[in-house]
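Quick notes on the structure that follows.
The values are calculated or read from the model by the stated rules, or taken from the named source; none is laboratory data. Everything numeric in this text was worked out from a predicted model, so none of it was measured. Note: ideal-geometry Cβ built from the backbone for every residue, glycine included; neighbour counts use all protein chains shown.
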Amino acid sequence: MALISLRLPDELDARLDRAAHSSGRAKSELARDAIALYLDKRRQAEFVSDYVRAAIGEDLAGTRQMAEEFLPLENEALAREQTGDRTPLRAGECSPRYGGKRKRGRR
């Protein structure tokens, strides 16, 4: 695991301390989760932006292709939300049950 060092404003550090204390988790664990969440949201925003650009540019074939590629992952995310499964989803890990492709060597 990589090690990084960063400076936090006093108020942000105090908020992180309170969150760590109330959750019983380490500050570094909360920071990792926050960074991962930020990066996931940023990736999602980029996807939506690309999707809108394709639609506005009347690239209907590109828009349809993006929607078809995203649909299995979205279906699985919705199913996991309904069952309370909070494990992170990765595009390459989408289950064939929801329309994803099987990984090589697995049946």
**Request:** Would you please name the residue that is modelled with the lowest pLDDT, looking only at residues in the stretch 62-92 that are basic (K, R) and within 13 Å of the chain's Cα centre (by Cα)?
**Result:** R90
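Condition check ((1) exposed (fewer than 12 other Cβ atoms within 10 Å of the Cβ); (2) assigned to a loop (DSSP other than H, G, I, E, B); (3) in contact with a helix residue (DSSP H, G or I) (Cβ under 9 Å, 6 or more places away or on another chain); (4) among the charged types (D, E, K, R)) across all residues:
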{"position": "L30", "(1), (2), (3), (4)": "no, no, yes, no"}
{"position": "Y38", "(1), (2), (3), (4)": "yes, no, no, no"}
{"position": "R43", "(1), (2), (3), (4)": "yes, no, no, yes"}
{"position": "Y51", "(1), (2), (3), (4)": "no, no, yes, no"}
**Complete:** Listed by first then second residue, the pairs whose first member lies in the stretch 69-82 and is closer than 18 Å to Y51 by Cβ, whose partner is in a helix (DSSP H, G or I) and of a type in the set (A, V, I, L, M), with beta carbons under 7 Å and at least 6 positions apart or on separate chains, are L73/A91
**Message:** Would you confirm, using the coordinates I've provided, whether G24 is closer than 30 Å to S5 by Cα, of a type in the set (G, A, S), surrounded by fewer than 10 Cβ atoms within 10 Å (Cβ to Cβ) and at pLDDT 75 or above?
**Reply:** yes
